[in-house]
Amino acid sequence: MNILVINCGSSSLKFQLIDSESEKVSAKGLCERIGIEGSQLVYTPAGGEKITTVTPMPDHTQAIKLVLQALTDGKTGVVKSLDEIGAVGHRIVHGGEKFAASTLITDEVIQAIEECNELAPLHNPANLIGIAACRELMPATPMVGVFDTAFHQTMPEEAYMYGLPYEYYQKYKVRRYGFHGTSHSYVSHRAAEVLGQKCEDLKIIVCHLGNGASVSAVKNGKCVDTSMGLTPLEGLIMGTRSGDIDPAIIEFLAHKERKSIDDIMKVLNKESGVLGLSDGLSSDFRDLEDSYHKGEEAGVRTLKTFAYRVAKYIGAYTAAMNGVDAICFTAGLGENGPFVRNMICGYLGYLGISLDEEANCKRGEDVVISTAGSQTKVLVIPTNEELAIARETAALVK
Ligand code: ADP
């Protein structure tokens, strides 16, 4: 069955058409600047050239209309008609406590997602607009919602509660939720396959290190802790997000800089992380590595602080699971950054880890990068959230 996977942001929309039997991608692309001047569709059929069409997209319905036209185009399309698309899988950022698994989208489900909007005001409304647009254009096609938070719903209370007045949890559901769940689930299960073991028998730590970054502890196939919280701001130092800070810094800076809470939140989300720590040098780890190798203070300070924070979380999650069998790296930096992986693993001698330098330099494949004698295994597993969404969708639609 052909599954259309949609990841709808406020002004962008990424899509892939995946055959659920062969798990091959038949086409993929991106709509950019939806609702803004200069919008364009970038469409790439498998084995074909990238086609860029600059055309007005006043809203997401128009964007999806253009995607469907591209997929069914007589020359460059990959299906004859929309009837060949068996289902649509939507990535949804926040499922609150309502969704511990993917679900078929119904009117009731849409309402329940709407009720989570407050928890992800930038993302969930955009995801819902994508669902509404698809329903309008393909009313008979079943749709599935796959939530970033769902995999983390197995966290025990002691992992998800904050030390705040309990009434805020009762009234507003203020607690830790975690994100990147589809990736953490995919990578932990794939790691078990690569090791030839059952996920149910393993304690795995997944480090999803991209522009957004999070760590999770997966014990016997279930998430028991993760570093992001009520929002994706908590945890690791990210591209532009601060990660964990003393919450009193917000008040301190608001006074000193005469800024509003909104302004400070913008600083914490958009101007902090490795971008801020490197004094504005870059949020891209390639630039920071160059700077490090030149011996510049900015690069050295930033990478050391970043790697130390990741290593601290690995230590915490080893304690949370009373041990760890495997540590996995994934996402942009996790998959492509042997140098930073090495820096992080440098803190983990107590886990009996030794890296195979040659394996650590491989790219684009599932690979064990620890030596045969390494007490704890270390792996690089390229994440594939779209494939995971397609699998979840196919399983629910069948
Ligand atoms: P997201 O999906 O969160 O936007 P990605 O998972 O695509 O992010 O990761 C993007 C980040 O990966 C970039 O900011 C860059 O720092 C890092 N990255 C990509 N390629 C490399 C590389 N070859 N070496 C080091 N870092 C890399």
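The values are calculated or read from the model by the stated rules, or taken from the named source; none is laboratory data. Fair warning: this is a prediction, and the values are worked out from it, not measured in the lab. Here Cβ is always computed from backbone atoms with ideal geometry, including for glycine, and neighbour counts include all displayed protein chains. Protein only, heavy atoms only, side chains kept; ligands, DNA and RNA dropped before computing areas. Shrake-Rupley method; radii C 1.70, N 1.55, O 1.52, S 1.80 Å.
Beta bridges assigned by DSSP with both partners in the chain are antiparallel in approximately 65 percent of cases. For the chain, the longest principal axis of the C-alpha atoms and the axis of helix 297-321 are separated by about 90°. Ranked by solvent-accessible area (1.4 Å probe, protein heavy atoms only, all chains present), the residues 94, 293 order from largest to smallest as 293, 94.
Among 143, 265, the sequence by solvent-accessible area, most first, with a 1.4 Å probe is 265, 143.
Sites listed here are GluC sites (Glu not before Pro) in the range 192-261 whose DSSP assignment is loop and whose Cβ has at most 13 other Cβ atoms within 10 Å, and the list is empty. Using only Cα atoms, locate the centre of the range 331-394 and the centre of the range 210-276, then give the distance between them in Å, rounded to an integer. Between the Cα centre of the range 331-394 and that of the range 210-276, the gap is 24 Å. Computed over neighbours whose Cβ is under 14 Å from that of residue 372, the net charge equals -2, Lys and Arg +1, Asp and Glu -1.
Only the Cβ atoms of Lys and Arg (+1) and of Asp and Glu (-1) were treated as charged; on that basis the dipole of the chain about its Cα centre amounts to roughly 180 debye. Residues in the range 201-214 carry Karplus couplings, in order, of 9, 10, 10, 10, 10, 9, 10, 8, 10, x, 5, x, 9, 8 Hz; the curve used is 6.51 cos²θ - 1.76 cosθ + 1.60 with θ = phi - 60°, and Gly or Pro positions show x. The residues of the chain expose, per residue, 46 Å² of accessible area to a 1.4 Å probe. Charges were assigned to the Cβ only: +1 to each Lys and Arg, -1 to each Asp and Glu. The resulting dipole of the range 248-378 about its Cα centre is roughly 360 debye. By the rule of a C-alpha distance below 27 Å, with chain neighbours fewer than 8 residues away ignored, the lysines paired with residue 259 are 270. Highest mobility in the GNM of the chain, judged by mean-square fluctuation with C-alpha springs under 10 Å and restricted to 42, 146, 187, is found for 42. What lysines could a cross-link reach from residue 75, if we take a straight Cα to Cα line under 22 Å and drop same-chain neighbours fewer than 8 places away? Once the sequence-local lysines are set aside, what remains near residue 75 is 14, 24, 28, 50, 65. The residues 350, 177, sorted by heavy-atom accessible surface at 1.4 Å with ligands and nucleic acids left out, run 350, 177 from largest to smallest.
Dividing the alpha-carbon radius of gyration of the chain by the rule-of-thumb value 2.2 N^0.38 Å gives 1.00. In this Cβ point-charge picture (+1 for Lys and Arg, -1 for Asp and Glu), the range 42-179 has a dipole of about 320 debye about its Cα centre. Taking the charge dipole of the chain about its Cα centre, with +1 at Lys and Arg Cβ atoms and -1 at Asp and Glu Cβ atoms, the residue from 2, 235, 110 reaching farthest to the positive side is 235.
The portion of the accessible surface of the chain made up by carbon and sulfur, rounded to a whole percent, is 50 (1.4 Å probe; DNA, RNA and ligands excluded).
The modelled label-to-label distance between residue 365 and residue 54, using points 7 Å beyond Cα along the C-beta direction, is 4.1 nm. A DSSP coil position with no more than 16 other Cβ atoms inside 10 Å describes the following GluC sites (Glu not before Pro) in the range 280-357: 296.
Of the residues 249, 320, 293, the one whose Cα sits farthest towards the positive end of the charge dipole of the range 204-343 is 320 (charges of +1 on Lys and Arg Cβ, -1 on Asp and Glu Cβ, taken about the Cα centre). Calculate how steeply helix 60-72 sits against the longest principal axis of the alpha-carbon atoms of the chain, using the helix alpha-carbon long axis, and give the answer as 0 to 90 degrees to the nearest 10. For 60-72 against the chain, the angle is about 70 degrees. Only protein heavy atoms count here; on that basis, with a 1.4 Å probe, residue 172 has an accessible area of about 130 Å².
For the range 50-140, the list of trypsin sites (Lys or Arg not before Pro) that fall in a loop by DSSP and count at most 15 other C-beta atoms within 10 angstrom reads 50, 75, 80.
Surface calculation, 1.4 Å probe, protein heavy atoms: residue 321 sits at approximately 0 Å² accessible. Taking a ≥ b ≥ c as the square roots of the eigenvalues of the alpha-carbon gyration tensor, the range 1-130 is classed oblate because a/c is 1.5 or more while a/b is no larger than b/c.
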